[in-house]
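The values are calculated or read from the model by the stated rules, or taken from the named source; none is laboratory data. Bear in mind the structure is a predicted one, so any value in this text is a computation, not a measurement. Here Cβ is always computed from backbone atoms with ideal geometry, including for glycine, and neighbour counts include all displayed protein chains.
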Amino acid sequence: MTDNHPHKRKDVVENLKKSSKVEKDTSVKNEDIILELETKSVMISDQAIKAITKFSIDAMPKEAIGLLSGKEFRPKELLINKGLYVTEGEEYSVSFSDKDFQVFDQLTNSEFCVGWWHSHPGFGLFLSQTDITTHIFSFQLVQPLSVALVVDPMDVGKDGIAKYRVFQVIGDSRKNLFRYNEVASYLVVASD
Ligand SMILES: [Zn+2]
(Lines give C-alpha, C1' and ligand atoms only; values in the text may rest on other atoms or scores of the structure.)
Protein backbone atom coordinates (compact mmCIF):
# COMPACT_ATOMS: atom_id res chain seq x y z
CA MET A 1 0.00 0.00 0.00
CA THR A 2 1.70 3.14 -1.16
CA ASP A 3 0.05 6.46 -0.58
CA ASN A 4 2.03 9.01 -2.47
CA HIS A 5 -0.04 12.13 -1.98
CA PRO A 6 2.20 15.12 -1.65
CA HIS A 7 1.75 17.10 1.51
CA LYS A 8 -0.49 19.82 0.14
CA ARG A 9 -0.84 23.05 2.01
CA LYS A 10 -4.62 23.03 1.65
CA ASP A 11 -4.84 19.63 3.32
CA VAL A 12 -2.70 20.84 6.17
CA VAL A 13 -4.83 23.93 6.67
CA GLU A 14 -7.98 21.83 6.62
CA ASN A 15 -6.52 19.53 9.24
CA LEU A 16 -5.38 22.42 11.38
CA LYS A 17 -8.93 23.80 11.25
CA LYS A 18 -10.33 20.44 12.21
CA SER A 19 -7.88 20.00 15.09
CA SER A 20 -8.57 23.45 16.53
CA LYS A 21 -12.30 22.83 16.19
CA VAL A 22 -11.97 19.62 18.16
CA GLU A 23 -10.07 21.44 20.89
CA LYS A 24 -12.71 24.13 21.19
CA ASP A 25 -15.70 21.84 21.03
CA THR A 26 -15.08 18.56 22.79
CA SER A 27 -18.56 17.34 21.90
CA VAL A 28 -17.46 16.96 18.27
CA LYS A 29 -17.33 13.27 17.64
CA ASN A 30 -13.96 12.32 16.27
CA GLU A 31 -13.44 9.65 13.73
CA ASP A 32 -11.25 6.92 15.11
CA ILE A 33 -7.60 7.63 14.50
CA ILE A 34 -5.26 4.69 14.26
CA LEU A 35 -1.63 5.47 13.54
CA GLU A 36 1.01 2.94 12.69
CA LEU A 37 4.68 3.21 11.93
CA GLU A 38 4.64 3.93 8.20
CA THR A 39 8.16 5.05 7.47
CA LYS A 40 10.81 2.35 7.55
CA SER A 41 13.85 4.62 7.48
CA VAL A 42 15.00 8.12 6.74
CA MET A 43 18.10 9.32 4.94
CA ILE A 44 19.11 12.86 5.82
CA SER A 45 21.44 14.94 3.71
CA ASP A 46 24.26 16.47 5.72
CA GLN A 47 23.31 19.83 4.17
CA ALA A 48 19.85 19.58 5.67
CA ILE A 49 21.01 18.67 9.16
CA LYS A 50 23.78 21.30 9.11
CA ALA A 51 21.23 23.95 8.16
CA ILE A 52 18.86 22.79 10.92
CA THR A 53 21.76 22.84 13.41
CA LYS A 54 22.59 26.41 12.45
CA PHE A 55 18.97 27.64 12.65
CA SER A 56 18.67 25.98 16.07
CA ILE A 57 21.90 27.51 17.43
CA ASP A 58 20.87 30.94 16.19
CA ALA A 59 17.49 30.69 17.96
CA MET A 60 18.91 29.67 21.35
CA PRO A 61 17.80 29.81 24.09
CA LYS A 62 14.47 29.60 22.24
CA GLU A 63 13.37 26.65 20.16
CA ALA A 64 13.57 26.83 16.38
CA ILE A 65 10.88 25.23 14.24
CA GLY A 66 10.77 24.37 10.56
CA LEU A 67 9.64 22.05 7.81
CA LEU A 68 11.37 19.20 6.02
CA SER A 69 11.49 18.89 2.25
CA GLY A 70 12.30 15.64 0.54
CA LYS A 71 10.96 12.62 -1.26
CA GLU A 72 10.11 8.96 -0.97
CA PHE A 73 13.15 7.50 -2.74
CA ARG A 74 12.09 3.90 -2.12
CA PRO A 75 8.72 2.68 -0.86
CA LYS A 76 8.35 3.90 2.73
CA GLU A 77 11.89 5.27 2.80
CA LEU A 78 12.35 9.00 2.90
CA LEU A 79 15.15 11.27 1.83
CA ILE A 80 15.22 14.56 3.69
CA ASN A 81 16.87 16.97 1.34
CA LYS A 82 16.28 20.36 2.98
CA GLY A 83 15.46 21.78 6.36
CA LEU A 84 13.46 24.98 6.01
CA TYR A 85 13.25 27.50 8.81
CA VAL A 86 9.82 28.76 9.88
CA THR A 87 10.03 30.49 13.25
CA GLU A 88 11.23 30.35 16.83
CA GLY A 89 9.07 29.75 19.85
CA GLU A 90 8.50 28.05 23.14
CA GLU A 91 7.56 24.43 23.67
CA TYR A 92 3.88 25.20 24.15
CA SER A 93 3.44 27.59 21.27
CA VAL A 94 4.66 25.36 18.50
CA SER A 95 2.32 25.91 15.59
CA PHE A 96 2.29 26.32 11.86
CA SER A 97 0.26 28.85 9.91
CA ASP A 98 -1.13 28.63 6.40
CA LYS A 99 1.71 30.90 5.27
CA ASP A 100 4.36 28.54 6.61
CA PHE A 101 3.46 25.88 4.06
CA GLN A 102 3.54 28.24 1.07
CA VAL A 103 7.20 27.46 0.51
CA PHE A 104 6.18 24.02 -0.76
CA ASP A 105 4.23 25.57 -3.61
CA GLN A 106 7.61 26.38 -5.15
CA LEU A 107 9.03 22.88 -4.95
CA THR A 108 9.29 20.87 -8.10
CA ASN A 109 9.56 17.23 -9.09
CA SER A 110 8.89 14.69 -6.40
CA GLU A 111 9.81 16.88 -3.43
CA PHE A 112 7.12 17.42 -0.84
CA CYS A 113 6.78 18.17 2.85
CA VAL A 114 8.07 15.02 4.54
CA GLY A 115 7.54 16.40 8.03
CA TRP A 116 8.88 19.01 10.42
CA TRP A 117 11.80 19.66 12.72
CA HIS A 118 12.29 21.61 15.92
CA SER A 119 14.96 22.07 18.55
CA HIS A 120 15.10 21.05 22.20
CA PRO A 121 18.08 23.04 23.50
CA GLY A 122 19.54 20.86 26.23
CA PHE A 123 16.41 19.00 27.33
CA GLY A 124 16.53 15.74 25.46
CA LEU A 125 15.43 14.21 22.19
CA PHE A 126 11.77 13.15 22.39
CA LEU A 127 8.31 14.40 21.44
CA SER A 128 6.33 16.23 24.11
CA GLN A 129 2.55 15.79 24.34
CA THR A 130 2.17 19.05 22.40
CA ASP A 131 4.63 17.83 19.78
CA ILE A 132 2.66 14.58 19.42
CA THR A 133 -0.59 16.51 18.86
CA THR A 134 1.08 18.81 16.33
CA HIS A 135 2.56 15.84 14.52
CA ILE A 136 -0.70 13.89 14.35
CA PHE A 137 -2.98 16.67 13.10
CA SER A 138 -0.62 18.76 10.98
CA PHE A 139 1.53 16.01 9.52
CA GLN A 140 0.94 12.31 9.93
CA LEU A 141 -2.81 12.41 9.24
CA VAL A 142 -2.16 14.50 6.14
CA GLN A 143 0.81 12.51 4.86
CA PRO A 144 1.25 9.16 6.64
CA LEU A 145 4.99 9.09 5.93
CA SER A 146 5.63 12.38 7.74
CA VAL A 147 8.33 12.38 10.37
CA ALA A 148 9.23 14.70 13.25
CA LEU A 149 12.92 15.46 13.67
CA VAL A 150 14.14 16.82 17.00
CA VAL A 151 17.59 18.32 17.34
CA ASP A 152 19.68 19.45 20.35
CA PRO A 153 21.74 22.54 19.45
CA MET A 154 23.57 22.30 22.79
CA ASP A 155 25.07 18.98 21.73
CA VAL A 156 26.93 19.63 18.49
CA GLY A 157 29.69 17.35 17.20
CA LYS A 158 33.00 18.41 15.64
CA ASP A 159 31.41 17.86 12.23
CA GLY A 160 29.02 20.75 12.96
CA ILE A 161 26.04 18.43 13.26
CA ALA A 162 23.82 18.52 16.33
CA LYS A 163 22.51 15.32 17.91
CA TYR A 164 19.10 14.49 16.50
CA ARG A 165 16.43 11.81 16.43
CA VAL A 166 13.56 11.13 14.04
CA PHE A 167 10.10 10.03 15.15
CA GLN A 168 6.65 8.98 14.03
CA VAL A 169 3.59 8.69 16.24
CA ILE A 170 1.76 5.42 16.77
CA GLY A 171 -1.44 4.79 18.65
CA ASP A 172 -5.18 4.53 18.73
CA SER A 173 -7.72 7.21 19.62
CA ARG A 174 -10.18 4.60 20.93
CA LYS A 175 -7.67 3.80 23.67
CA ASN A 176 -6.77 7.48 23.89
CA LEU A 177 -3.16 6.45 23.65
CA PHE A 178 -0.55 7.89 21.34
CA ARG A 179 3.19 7.69 21.69
CA TYR A 180 6.26 8.45 19.64
CA ASN A 181 8.44 5.82 18.09
CA GLU A 182 11.93 6.34 16.72
CA VAL A 183 12.54 5.90 12.99
CA ALA A 184 15.98 4.66 11.91
CA SER A 185 17.93 7.45 10.24
CA TYR A 186 21.12 7.67 8.22
CA LEU A 187 23.23 10.63 7.25
CA VAL A 188 24.18 11.00 3.61
CA VAL A 189 26.85 13.32 2.29
CA ALA A 190 25.88 15.11 -0.89
CA SER A 191 28.24 14.28 -3.72
CA ASP A 192 27.85 17.50 -5.67
ZN1 LIG B 1 9.29 19.69 21.40
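Being within 14 Å of Ser110 (Cα to Cα) and not aromatic (Phe, Trp, Tyr) is the filter here; which residues of segment 51-75 pass it?
Leu68, Ser69, Gly70, Lys71, Glu72, Arg74, Pro75
Specify the residue that is farthest from Thr133 (Cα to Cα); the eligible residues are those in segment 161-192 that are small (Gly, Ala, Ser) and out of contact with any Phe, Trp or Tyr (no Cβ under 8 Å at 6 or more places or on another chain).
Result: Ser191.
Regarding Gln143, is this residue touching a residue at least 24 places away in the same chain (Cβ under 8 Å) and not hydrophobic (A, V, I, L, M, F, W, C)? Please lay out each step first, then the result.
Working: touching a residue at least 24 places away in the same chain (Cβ under 8 Å): yes; not hydrophobic (A, V, I, L, M, F, W, C): yes.
The answer is yes for Gln143.
Being assigned to a strand (DSSP E or B), closer than 15 Å to Gly70 by Cβ and either among the small types (Gly, Ala, Ser) or at pLDDT 95 or above (or both) narrows it down to one residue among Val114, Val150; which is it?
None of the other options fit; the residue is Val114.
Which of the residues belonging to segment 120-134 are closer than 16 Å to Glu88 by Cβ, more than 8 Å from the ligand (Cβ to nearest atom) and under 12 Å from the mean Cα position of the chain (by Cα)?
Across segment 120-134, the qualifying residue is only Thr134.
List pairs: first residue in segment 171-190 and assigned to a loop (DSSP other than H, G, I, E, B), second residue loosely packed, with under 11 Cβ neighbours inside 10 Å and modelled with pLDDT under 95 anywhere in the structure, Cβ distance under 6 angstrom, at least six positions apart or on different chains.
So the pair list comes out as Ser173/Asp32; Arg174/Asp32.
With the requirement that a residue be more than 18 Å from Glu88 (Cβ to Cβ) and either within 9 Å of the ligand (Cβ to nearest atom) or touching a Gly at 6+ places or on another chain (Cβ under 7 Å) (or both), what does segment 101-119 give you?
Glu111, Val114
Which one of the conditions (1) more than 10 Å from the ligand (Cβ to nearest atom); (2) in contact with a helix residue (DSSP H, G or I) (Cβ under 6 Å, 6 or more places away or on another chain) does Met154 fail to meet, given that it meets all the rest?
(2)
Only one of Thr87, Thr130, Thr134, Thr108 is of a type outside the set (Lys, Arg), touching a residue at least 12 places away in the same chain (Cβ under 8 Å) and over 24 Å from Asn181 (Cα atoms); which?
Just one listed residue meets the conditions, Thr87.
Could you go through segment 96-107 and let me know if any residue there is β-branched (Val, Ile, Thr), touching a helix residue (DSSP H, G or I) at 6+ places or on another chain (Cβ under 7 Å) and part of a helix (DSSP H, G or I).
Here is the first cut: in segment 96-107, the residues β-branched (Val, Ile, Thr) are 103.
Now restrict to residues that are touching a helix residue (DSSP H, G or I) at 6+ places or on another chain (Cβ under 7 Å): none.
The answer is no, given that none of the residues of segment 96-107 is β-branched (Val, Ile, Thr), touching a helix residue (DSSP H, G or I) at 6+ places or on another chain (Cβ under 7 Å) and part of a helix (DSSP H, G or I).
Which members of segment 119-156 meet the condition of being of a type in the set (Phe, Trp, Tyr) and touching a strand residue (DSSP E or B) at 6+ places or on another chain (Cβ under 6 Å)?
Passing the criteria: only Phe139.
Please determine whether any residue of segment 90-97 is more than 18 Å from Ser56 (Cβ to Cβ), more than 16 Å from the ligand (Cβ to nearest atom) and at pLDDT below 95.
Yes, segment 90-97 contains a residue that is more than 18 Å from Ser56 (Cβ to Cβ), more than 16 Å from the ligand (Cβ to nearest atom) and at pLDDT below 95.
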